[in-house]
Amino acid sequence: MEGLRVAGVTEVIVGKGMPSPLLPQRPDRRRVAILTQPAATSKALEIASALTSEGLLAEVIGLPDREEAKTLSVAESVYEAFAKFELSRSDTVIGVGGGTVTDLAGYVAGTWLRGVEVVHIPTTLLGAVDASIGGKTGVNLAGKNLVGVIWHPRLVVVDTRVMDELPSTLLSEGMAEAFKTGLVGDAELCSLIVSQGLHAPLDEVVRRAITVKAAIVTRDEREHGERVYLNYGHTIGHAIEYASALSHGESVSLGMIAASRVSERIHGFDGMDMVVSTIDRLGLPTSVEGVDVGRVLDLLRRDKKRDGDRLRMVLLREIEDPVLEHVEESDIEIGMSAVGL
Ligand SMILES: NC(=O)c1ccc[n+]([C@@H]2O[C@H](COP(=O)([O-])OP(=O)(O)OC[C@H]3O[C@@H](n4cnc5c(N)ncnc54)[C@H](O)[C@@H]3O)[C@@H](O)[C@H]2O)c1
Ligand SMILES: [Zn+2]
């Protein structure tokens with residue numbers, strides 16, 4: 001996929017192994033700070049040693065796992081490590097890990113010395129198909145991703161050998177996001193996942209999902225328009241995520257089923273059965289028990305307040321034909337009943 005550009009800035013490389021040399025030529029680059037998390041440390045060390053043999057000074061900075069990495073206090077300790085390492089304006093930050101690492105790496109790179117080059121090397125499928133592409137960065141405060149900048153990586157490298165070895169929960173979660181991307185923008189990508197589930201060829205899934213996201217982000221970087229379509233399943237999904245102990249991938253899967261039911265009701269979308277059976281095939285839940293429906297509705301109402309007095313949701317008229325629409329609470333309730341809520 002060499003040559004694909006996102007927002008005119010990011011070059012994306014998908015393949016088995018890592019390119020050599022890894023970084024685009026920059027004669028004034030001396031130092032590279034590599035941010036990583038526990039599960040990706042060996043990959044980060046491998047990258048550090050490759051860069052050292054290219055004559056660069058490389059420093060690996062370990063972050064806490066998962067969302068604990070996305071805080072201002074972690075960002076502060078990373079800035080301090082940058083200062084000690086003397087990371088200059090012509091140097092580079094690399095994020096090696098899942099979406100939490102690339103979100104934090106993008107944030108600190110975008111703000112250190114008012115912005116230094118960042119490169120993402122995602123090690124989760126969700127990171128590869130979603131988080132590392134598009135320039136959104138962020139840390140959490142009272143809410144998720146409340147503080148951030150848009151800071152596009154110069155380069156994203158997806159080593160599909162890493163994806164081949166992912167534990168099944170991470171594979172399912174990433175595949176669900178790729179399926180979402182297929183539903184809104186690539187019928188072929190959908191078919192691959194519908195017909196092969198977790199056995200869908202990862203390099204093609206990653207390439208296709210990135211191509212769709214890249215095109216959308218290039219046309220609508222700041223989400224004034226079509227970028228919002230990539231949130232398919234996420235309105236109800238996020239509310240379920242906050243109201244339950246379910247993971248993001250599980251919650252968004254339920255959210256996609258609910259949104260498909262609302263799409264069926266309002267637009268006659270005829271893919272409901274296909275969505276349910278595919279999510280089931282990916283090993284993700286198609287219904288849920290024990291979640292407080294009142295709390296889910298309450299969270300959705302709060303969402304609504306932020307956006308005028310009616311809730312807006314991404315719906316599908318058909319595959320590849322999304323639309324952002326106002327919906328009534330009664331429609332939401334019908335969507336939620338499709339997942340047992
Ligand atoms: N910026 C964006 O546009 C965007 C888009 C989607 C999601 N996100 C963010 O991404 C984050 C979720 O991404 P994620 O699920 O990758 O999160 P994550 O970084 O928490 O990774 C999930 C888990 O996988 C482990 N892991 C990483 N690589 C592994 C490997 N190769 N093998 C085994 N385990 C591995 C991690 O240590 C972690 O425990 C969220 O914070 C979300 O807000 C950002
Ligand atoms: Zn998501």
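When Rg and the Kirkwood Rh are both derived from Cα coordinates, the Rg/Rh ratio for segment 163-256 amounts to 0.98. Cross-link pairs exceeding 28 Å between alpha carbons, from the set Lys70/Lys213; Lys16/Lys144; Lys16/Lys84: Lys16/Lys144; Lys16/Lys84. The calculated P(r) of the chain, using every Cα pair and 20 Å bins from 0, goes 32, 56, 12, 0 in percent. Among Asp28, Asp298, Asp270, which one shows the highest mean-square fluctuation when the chain is modelled as a Gaussian network with alpha-carbon springs under 10 Å? Looking only at Asp28, Asp298, Asp270, the biggest GNM fluctuation is shown by Asp28. Using only alpha-carbon positions in segment 55-161, the gyration tensor eigenvalues give semi-axes of 19, 17, 13 Å once each is multiplied by 5 and square-rooted (largest first). Calculate, in whole percent, how much of the Cα-Cα pair population of segment 107-222 lies beyond 17 Å. The answer is 57 percent, as a whole percent. Ranked by the mean number of other Cβ atoms within 10 Å per residue, highest first, peptides 241-247, 121-127 order as 121-127, 241-247. Taking only the Cα atoms of segment 251-326, the radius of gyration and Dmax are 13.4, 38 Å. Here the contact order of segment 166-226, divided by its residue count and restricted to Cα pairs under 8 Å and six or more residues apart, works out to 29 percent.
Listed by number, the DSSP H helices of the chain that run 20 Å or longer by alpha-carbon position along their axis and have mean Kyte hydropathy of at least -0.5 are 168-185, 202-219, 248-267. Across the chain, C-alpha contacts under 8 Å between residues 6 or more apart give a mean separation that, scaled by the residue count, equals a relative contact order of 14 percent.
Given springs between every Cα pair under 10 Å in a Gaussian network model of the chain, which of Leu141, Leu56, Leu282 has the largest fluctuation? Taking springs between Cα atoms under 10 Å, the residue moving most is Leu141.
Of the DSSP beta bridges with both residues in the chain, give the percent that are antiparallel, rounding to the nearest 5.
Once the DSSP bridges in the chain are tallied, antiparallel ones form about 30 percent.
Laboratory data are not the source of any read-out in this text; all were calculated from the coordinates shown. This structure is a prediction, so every number in the text was calculated from the model and none was measured. Here the Cβ is made from the backbone with ideal geometry for all residues, glycine too, and neighbour counts use every protein chain on show.
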